[in-house]
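Notes follow once the structure below has been shown.
Each value in this text was obtained by applying a stated rule to the coordinates, not by laboratory testing. Just so it is clear, the structure is predicted and the values come from calculations on it, not from any experiment. Cβ placement follows ideal geometry from the backbone for every residue including glycine, while neighbour counts extend to all protein chains displayed.
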Amino acid sequence: MKKAWYAYPYLVWMAIFIVVPLFLLLFYTFTATTEEGIRFTLQHIKRVWEPIYLMVLLRSILLALICTVVCLLIGYPVALILASKEYSQKRVLALLFVIPMWINFLVRTYAWMSLLGKNGLIDMVMNFLHLPPVQLLYTDHAVVLGMVYNFLPFMVLPIYSVLTKMDKSIIEAAEDLGADYITVLKRIIIPLSLPGVISGITMVFMPAVTTFIISRLLGGGQYILIGNLIEQQFIVVGDWNFGSAISFVLTVIILISMGIMRKYDREYEGGAIW
Amino acid sequence: MKKAFKIFGLFFSIMIVVGILTGCGSVPKAQLKVYNWGDYIDETVIEEFEKKYNIDVIYDTFATNEEMYVKVKGGGADYDVAIPSDYMIERMIKEGMLEKIDFSNVPNYKYIDERFKNLPYDPNNEYSVPYMWGTVGILYNKKMVKEPVDSWKILWDEKYKKQIFMLDSSRDSIGVALKMLGYSLNTRNIDELEQAKEALIRQKPLVLSYVGDEVKDAMISGQAALAVVWSGDAVYTKRENPDLEYVIPKEGSNLWVDAMVILKGTKNKKAAEQFINFMCEPEIAFRNADYIGYSTPHTEAKKMLDPEILNDRTAYPPDEDLKNCEVFEALSDVIKEYDRVWTEVKAAR
């Protein structure tokens, strides 16, 4: 394939910021620095499979899955509403969804800390209603809430864009032939929107499984996730080899799940079956 | 035409590479990069220094010694002055990361209390100038904790489930567990370390959160009953919320000194020394001590402080409170074990 001239800067960019770091990751994963010098080793990879770290990995995947399912359950109806005839003319609602994304997500997560914390807004409302106070901040629930809140737009927007681009005449034809809304939804809209759903799932699951700042702020360092473990290895402990090994395992898991997603994506292309 | 584009493309690629490799070039004013703990200076002092010496100060902060060490060691940062703690200074001296200070350029060093000179971490006092000192102890809310607090064991009391803040710092938290068990916080005994690990994991369900500087606001607003804090933070929080009290547990604790050091590879050693000297000017040292609440090793600054602070057991504890306290050692040979223990504590559920 002949490369166009304008691809060069991008290729250089990719080489420096994607390829080189990936090789560094591999290098640190499979080497150990001893007094005799650098040698090949599998000890770091082995350490990742110790039960204690495996539990962290499983916990991260579980929380990310919960987050993805919740995002899908909330996101799909929202995308349907946004794309429906009544709202598609007015872009205001879609805009309202995007505007919070203009604010740095760290700031928004900090805001949740003061909402959920003791003597925070929710605590005050509970007090006012004479309900027993609940511990919200520094729990798994808070972490999932923070993830859903931050990643929901990544679920809504791909589905929304697929829905708006959908050929409306197919839906009209179905309605003309006597299909009720449920049937239309089941047989036409959902199958046709699957590519959007799949890219939404990917876009939510990936950042959710690797997040470290949401779990740090809202989980209080109590519930560390795999992202925190990696961060800790690099920032606090300075064990780059072990940090790289965890990152490597995580990358492999993400690549595998992306592969599975792609397979489904292809199967549903054209939206023939449901 | 096409060829011209091609050349342009290549040129652009080279530009990116060159740009990345060289970074930004010209510097109009002398620059000094200072790396300090968060909330650990009266920031108007920095402005004053900039004006007086016509030097731009780039001021960054860290939350733990380990974070600072990893960043400096990794070579990703080119700081001139840093303010780490004793054991970290010892480690950095051993690893050749520090520059010797020319004390003829730091005449204000004479104001530093003799007690804080020639300490084990810098025995001949060549590398560091003490900035603040203090202890680690328990900060508790008198309204929530009715019983007397005098032991680390209270942090393992089921009664205070989800009411405890621990420090998100390996040496400090492991140190608390070691002291609770009656061991030295500089232990080299792996068995004792494992016991400390078990204790910290056992304690996890009781802990509300592992925190850094946030602990101050959280304790002031009454988010928890007990917290492990550094003494200066206790002085500050007690000022904001009179319900809070600080105690050094009877098992003993950590006595620490944070000192200013110059990092190897500094491009502006003179400015770095000017900065350290400036920080030791009585007026400036007083303002810092007064603002952040930590205990100053500066004799003149101490004289200027409010007598109420000087009589405060939190800031200037009597010797009897300090009798079981230890200063951290670098423990270069077993530090990896401490790192492993801390990683496992944080990963455990």
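For this structure, a couple of remarks:
- Here the relative contact order of chain B, from alpha carbon pairs under 8 Å that lie six or more residues apart, stands at 26 percent.
- The protein assembly as shown - share of DSSP beta bridges that are antiparallel (%, nearest 5): 60 percent
- Under 17 Å, Cα to Cα: Lys pairs in the stretch A:42-268, sequence gap 8 or more or different chains: 4
- Cut-off 12 Å between beta-carbons: net charge of the residues surrounding residue B:154, Lys and Arg +1, Asp and Glu -1: -1
- Furthest towards positive pole of dipole, A:7, A:205, A:69, structure part chain A, Cβ charges: A:7
- Across the cross-link table entries B:52/B:264; B:146/B:250; B:73/B:216, which are compared at the Cα atoms, the separations over 23 Å belong to B:52/B:264; B:73/B:216.
- Cα centre as origin, Lys/Arg/Asp/Glu Cβ charges: the stretch B:187-238 dipole, Debye: 100 debye
- Nearest-ten-degree value, helix B:2-22 long axis tilted from longest Cα axis of chain B: 40 degrees
- Inter-chain neighbour count for A:237-250: the average number of beta-carbon atoms from partner chains within 10 Å of each residue's beta-carbon is 2.
- When the trypsin sites (Lys or Arg not before Pro) in the stretch A:1-54 are filtered for DSSP coil states and for at most 11 other beta-carbon atoms within 10 Å of their beta-carbon, the remaining sites are A:2, A:3.
- In chain A, the DSSP-assigned H stretches of four residues or longer account for a calculated mean residue ellipticity at 222 nm of -22000 deg cm²/dmol, using -39500 (n - 2.57) per stretch and the full residue count as denominator.
- Taking A:163, A:218, B:244 and counting other C-beta atoms within 10 Å, the order from fewest to most: A:163, B:244, A:218
- A Gaussian network model of chain A, with springs between Cα atoms under 10 Å, assigns the largest mean-square fluctuation among A:243, A:37, A:196 to A:37.
- For the stretch A:42-268: rounded, prolate or oblate by the Cα gyration tensor [a/c cutoff 1.5]: oblate
- Span-like helix check, chain A: qualifying full DSSP H segments, with Cα axial length of 15 Å or more and mean Kyte-Doolittle of 0.5 or more, are A:51-83, A:105-116, A:140-165, A:190-210, A:240-268.
- Ranked list, fewest to most other Cβ atoms within 10 Å of each Cβ, for A:258, A:203: A:258, A:203
- Rounded to the nearest 500, the helix-only mean residue ellipticity at 222 nm of chain B stands at -11500 deg cm²/dmol, with each DSSP H run of n ≥ 4 adding -39,500 (n - 2.57).
- Simple point charges give the picture: +1 on the Cβ of Lys and Arg, -1 on the Cβ of Asp and Glu, and for the stretch A:42-268 a dipole about the Cα centre of about 260 debye.
- Taking every alpha-carbon pair under 8 Å whose residues sit at least 6 apart, the stretch A:42-268 reaches a relative contact order of 29 percent.
- Rounded if a/c under 1.5, otherwise prolate or oblate - the stretch A:1-138, Cα gyration tensor axes: oblate
- Ordering A:92, A:115, A:52 by the projection of their Cα atoms onto the charge dipole of the stretch A:42-268, which places +1 on the Cβ of Lys and Arg and -1 on the Cβ of Asp and Glu, puts A:52 at the extreme positive end.
- Cα centroid separation, the stretch B:122-192 to the stretch B:319-349 (Å): 10 Å
- Farthest positive-ward along the protein assembly as shown dipole, Cα basis, beta-carbon charges - from A:34, B:209, A:255: A:255
- Only lysines eight or more places from residue B:51 in sequence, or on another chain, were considered; those with a Cα closer than 24 Å are B:29, B:33, B:267, B:269, B:270.
- Across the stretch B:258-306, the relative contact order, built from alpha-carbon pairs under 8 Å that are at least six residues apart, equals 27 percent.
- In plain terms, the C-alpha convex hull of chain B casts an average shadow of 21.9 nm² when viewed from every direction.
- Packing around the peptides B:183-193, B:226-236, B:87-97, A:144-154, taken as the average count of other Cβ atoms within 10 Å per residue, puts them in this order, highest first: B:226-236, A:144-154, B:87-97, B:183-193.
- Cα-based helix-to-principal-axis angle, B:335-347 vs chain B, degrees rounded to 10: 70 degrees
- In terms of overall dimensions, the C-alpha atoms belonging to the stretch A:140-274 reach 66, 29, 19 Å along their principal axes, ordered largest to smallest.
- Globularity ratio of the protein assembly as shown, using Cα Rg and 2.2 N^0.38 Å: 1.13
- Centre-to-centre, using Cα atoms only, the stretch A:42-63 and the stretch A:147-212 are separated by 33 Å.
- Summing Cβ point charges (Lys, Arg +1; Asp, Glu -1) relative to the Cα centre of chain B gives a dipole of roughly 1340 debye.
- Taking other C-beta atoms within 10 Å as the exposure proxy, A:67, B:280 rank B:280, A:67 from fewest upward.
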